[in-house]
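Inspection log for the structure reproduced underneath, given as structure tokens.
The values are calculated or read from the model by the stated rules, or taken from the named source; none is laboratory data. If you're wondering where the values come from, they're calculated on a predicted model, not measured in any experiment. Please note: Cβ atoms are built from the backbone with ideal geometry, for glycine as well, and neighbour counts cover all protein chains shown. Side chains included, ligands, DNA and RNA excluded: accessible areas come from the protein's heavy atoms. Shrake-Rupley method; radii C 1.70, N 1.55, O 1.52, S 1.80 Å.
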Amino acid sequence: MHFYILTLFPEMVMQGLGTSILGRAAERGHISIEAVNIRDHTLDRHGKVDDYTYGGGAGMLMQAQPVYDACMAVQEKIAAADGEKKARVVYVTPQGEIFRQEMAREFAKEENLIFLCGHYEGIDERVLEEVVTDYVSIGDYVLTGGELPAMVMVDAIARLVPGVLHNADSAVTETFHDGLLEYPQYSRPEVWRGRKVPEILLSGDHAKVDRWRRDQSLERTKRLRPDLYAAYVETHPDAAEDK
Ligand code: ADE
């Protein structure tokens, strides 16, 4: 899967996403991540990409032309490699739909994905209307720019791409996979600061361990995320009786 991030701060994005699991996944060819500097596409002689807003108001706005040309350059590159189909363009904005695991799963099916990161007071509305297919927020708070949200989304999506995680199981049994929070986990030593690992995990009885983990997931979800629990029992009426 190929990620393209349109930004004024390409080094920020590449430093954040070029290490650890995603860095290795890129080296092995499971994903590619390219930060495209919007400033490289401005037609302004001085490299300007922002200007005052019509009607007044605080701050500067990113102008339509450099954003449009940067986006078109990426779409043309994708078309040259992959044929006619245009890639989805995700504008990261606190005004967007809230990003969730389900959305990450949807995006992970795409072959190419373009993220557009705003800065300053935002981006000229006309270019958004022209190029954006999805408006997405990572939560109800305002950050200084779209780079961190784009990085959050790329991370959440990329780890679902086959081959990116070593252990195929870990994307299956994790929190949210089934709409439930993950059960507690333990490693060595068996006793730490007087706290023992739950006996059942040492029993070697896999059926019992599975049942215990499921009960723990249900109990935890009910206690910590009653909203998720309510949605889960809607679709799994047996779960409420289990507990
Ligand atoms: N840009 C600024 N704040 C944001 C948020 N919460 N989500 C997505 N993009 C943003």
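For region 52-88, a residue qualifies if it is among the hydrophobic types (A, V, I, L, M, F, W, C) and part of a loop (DSSP other than H, G, I, E, B), and the qualifying residues are 58, 87.
Suppose the filter is part of a loop (DSSP other than H, G, I, E, B), more than 15 Å from the chain's Cα centre (by Cα) and over 21 Å from residue 63 (Cβ atoms); does residue 161 pass it? Judged against the criteria, residue 161 is not a match. Scanning region 93-102 for residues that are within 16 Å of the ligand (Cβ to nearest atom) and open to solvent by 70 Å² or more (accessible area, probe 1.4 Å) returns 94, 95, 97, 100. Residues in region 85-133 that are under 19 Å from residue 72 (Cα atoms) and among the acidic types (Asp, Glu): 6 in all. Restricting attention to region 103-124, the residues that are among the acidic types (Asp, Glu) and either open to solvent by 100 Å² or more (accessible area, probe 1.4 Å) or touching an Asp or Glu at 6+ places or on another chain (Cβ under 8 Å) (or both) add up to 2. Taking each residue of region 97-123 that is part of a loop (DSSP other than H, G, I, E, B) and looking for partners that are of a type in the set (Ser, Thr, Tyr) and open to solvent by less than 30 Å² (accessible area, probe 1.4 Å) with beta-carbon atoms closer than 9 Å, six or more apart or interchain, yields 99/137; 118/91; 118/93; 119/7; 122/93.
The residues in region 186-228 that are surrounded by 10 or more Cβ atoms within 10 Å (Cβ to Cβ) and closer than 23 Å to residue 240 by Cα can be counted, and the count is 21.
On the stretch given as region 54-76, residues that are under 25 Å from the mean Cα position of the chain (by Cα) and small (Gly, Ala, Ser) total 2.
Check region 36-44 and report whether any residue there is touching a residue at least 60 places away in the same chain (Cβ under 8 Å), farther than 30 Å from residue 108 by Cβ, aliphatic (A, V, I, L, M) and open to solvent by 40 Å² or more (accessible area, probe 1.4 Å). Looking through region 36-44, none of the residues is touching a residue at least 60 places away in the same chain (Cβ under 8 Å), farther than 30 Å from residue 108 by Cβ, aliphatic (A, V, I, L, M) and open to solvent by 40 Å² or more (accessible area, probe 1.4 Å). Scanning region 53-86 for residues that are open to solvent by 40 Å² or more (accessible area, probe 1.4 Å) and of a type in the set (Ser, Thr, Tyr) yields 54, 68.
All of (1) of a type in the set (A, V, I, L, M); (2) more than 16 Å from the ligand (Cβ to nearest atom); (3) in contact with a helix residue (DSSP H, G or I) (Cβ under 8 Å, 6 or more places away or on another chain) hold for residue 90 with one exception: (2).
Scanning region 132-158 for residues that are of a type in the set (Val, Ile, Thr) and either part of a strand (DSSP E or B) or over 13 Å from residue 113 (Cα atoms) (or both) yields 136, 138, 142, 144, 152. Filter region 129-147 down to the residues that are free of Cβ contacts under 8 Å to residues at least 60 places away in the same chain and touching a Gly at 6+ places or on another chain (Cβ under 8 Å), then identify the one that is surrounded by the most Cβ atoms within 10 Å (Cβ to Cβ). Of everything passing the filter in region 129-147, 136 is surrounded by the most Cβ atoms within 10 Å (Cβ to Cβ).
With respect to residue 218, is the statement that it is touching a residue at least 40 places away in the same chain (Cβ under 8 Å) and touching a helix residue (DSSP H, G or I) at 6+ places or on another chain (Cβ under 8 Å) true? Considered against the rule, which asks whether it is touching a residue at least 40 places away in the same chain (Cβ under 8 Å) and touching a helix residue (DSSP H, G or I) at 6+ places or on another chain (Cβ under 8 Å), residue 218 comes out as no.
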